[in-house]
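Working notes, structure below.
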Ligand code: BES
Ligand code: ZN
Ligand code: ZN
């Protein structure tokens, strides 16, 4: 599926979406034939239930989709997507029943229901196609769905096929599609050009570490996105136990999310100067791996004591954020699967974010609601700065004590962005079980909320 709308046609099936409390009054306006068909088939308008109603001659006359109760809908990200998944192959148009303020989200959910990760075995998503309803911005919804598919594909692809080199190729492909430029600093050149921490974290891996950069557009304001591209996180010498390592192909989820966001920004031709920075490495174990106790000097000149080689994300991001800051952008946004603590705090549904900018915080929280992309603000609690100061170096990459793990990681990153306006997302990037519109596996967390908040955050 291309995750696009179907072209309008005379033969698309009308779909009536019916909320459970409205079923009786809706039925009263229908023919005797429709009333008895609904009764005989036990259609109760429960959320996700569908029914094809044939005309007296036997041809499909209309299709019904249950929209359940308000209470049931608020528990779902994309309430109509369950119906979209259960409808037979064909082209449909929404004839009635979806409230105008829900239409865009439901359309997005419908397109996303068509997603399947089928690179390694045949899989299918929903096969019911939707004609874009009047009044929705079809191109914008398609851009959102296609960006989400890119993010999911990148995360779902295992590290055996998505190492730093393949992630680099993916950025090149995206750049080529939208006329952006893609550059990279590879291997020892990272040392020559002063990205020591990216090199140190990635040097033990077969594929050389790299800093990938995409640039697009030249109208102000300047927006810089930084995504954690740890293509696999073994933990390094502080090796993760098997259960914790199992999902670590998704440790480039931050990179996958910023690339999804970049794709939307470019597809919608937003008036910004976009820069995307991805430190792409594998945190591997070998004789030349960095060790606990090592002290690194970062690009910015701050020294960092390594107390846990598994806290590698903040190290590679720190050098990339320093470069971001040097470009004097109007806004820096980083996205990273940075800490297990963030997942413990908010679970897999919410994207926790940090910012000191009240305008950005409010814009993001508001945009999240209309984007079906929930976010939750966390505190850059300055009094915890002492926790990341070990004494022997400027910074500690893994404070002991286990308190506020997501906050201390965020504070660590903030040290590298100078006085820039900064938003940091500590995301999970993974959907643990299948939900309508959200396949099990890689998931975008935050990019649509950011996209919809950009006009307010950047004064577009
Ligand atoms: N990639 C992990 C964080 C992670 C773990 C994200 C599980 C999502 C799910 C990160 O590199 C890491 O291992 N962080 C450590 C930091 C600690 C050693 C200070 C963590 O969170 O345990
Ligand atoms: Zn780690
Ligand atoms: Zn990691």
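Pulled fully out, how much extra length does the chain show between residue 100 and residue 193, if you take 0.36 nm times their separation in residues and subtract their Cα-Cα distance?
28.2 nm
Return P(r) of the stretch 129-181 (all Cα-Cα pairs; 10 Å bins starting at 0; whole %; ordered from short to long distances).
All Cα pairs considered, the percentages come to 21, 39, 26, 13, 1.
Would you mind giving the average projected area, over all directions, of the Cα convex hull of the stretch 218-358 in nm² with one decimal?
Reported value for the Cα convex hull: 9.9 nm².
State log₁₀ I(q)/I(0) for the stretch 258-327 at q = 0.20, 0.27 Å⁻¹ as given by the Debye formula over alpha-carbon point scatterers of equal weight, solvent excluded.
For the stretch 258-327 at q = 0.20, 0.27 Å⁻¹, log10 I(q)/I(0) is -0.90, -1.27.
Calculate I(q)/I(0) for the stretch 13-136 by the Debye formula, one identical point scatterer on each C-alpha and no solvent, and give its log10 at q = 0.11 Å⁻¹ to two decimals.
-0.37
For the chain, find the longest principal axis of its Cα atoms and tell me its angle to the long axis of helix 138-156, 0 to 90°, nearest 10.
Computed tilt is about 50 degrees.
What do you get for the angle between helix 313-326 and the principal long axis of the chain? Use alpha-carbon atoms, 0 to 90 degrees, nearest ten.
90 degrees
To make sure I understand, if each residue's beta carbon is the centre and we count other beta carbons within 10 Å, what order do 182, 231, 360 fall in, fewest to most?
182, 360, 231
What's the angle, to the nearest 10 degrees (0 to 90), between helix 358-371's Cα axis and the longest principal axis of the chain?
30 degrees
Would you order 376, 216 from fewest to most other beta-carbon atoms within 10 Å of each residue's own beta-carbon?
376, 216
Rg to Rh ratio, the stretch 355-411, alpha-carbon atoms and Kirkwood radius?
1.12
Once both labels are modelled 7 Å past Cα along the beta-carbon direction, what's the residue 366-residue 35 spacing in nm?
Using points 7 Å along Cα→Cβ, the separation is 4.8 nm.
Report the label-to-label distance for residue 71 and residue 308 in nanometres (one decimal), using points 7 Å from each Cα along the Cα→Cβ vector.
Between residue 71 and residue 308, the label points sit 4.1 nm apart.
If you project the alpha carbons of the stretch 280-384 onto their three principal axes, what span does each projection cover, largest first, in Å?
Reported extents, whole Å, longest axis first: 50, 33, 30.
Take 315, 3 and order them by how many other Cβ atoms sit within 10 Å, fewest up front.
Least to most surrounded, the residues fall as 3, 315.
Tell me the label-point distance for the pair residue 86, residue 268, using the 7 Å Cα-to-Cβ offset, in nm and rounded to one decimal.
So the label points at residue 86 and residue 268 sit 3.2 nm apart.
Compute the semi-axes of the equivalent ellipsoid of the chain, taking the square root of 5 times each eigenvalue of the Cα gyration tensor, and list them largest first in whole Å.
Semi-axes, largest first: 45, 21, 20 Å.
Between residue 60 and residue 25, 0.36 nm times their residue separation minus their Cα-Cα distance comes to what?
Stretched out fully, the residue 60 to residue 25 stretch lengthens by 10.4 nm.
Return the FRET efficiency for the residue pair residue 376, residue 122: r is the Cβ-Cβ distance, R0 is 30 Å, and the value is rounded to the nearest 0.05.
0.20
Coordinate-derived values only; no laboratory data. Since the structure is predicted, the reported quantities are computational estimates derived from the model, not experimental observations. Counting neighbours? That spans all protein chains shown, and the Cβs are built from the backbone with ideal geometry, glycine included.
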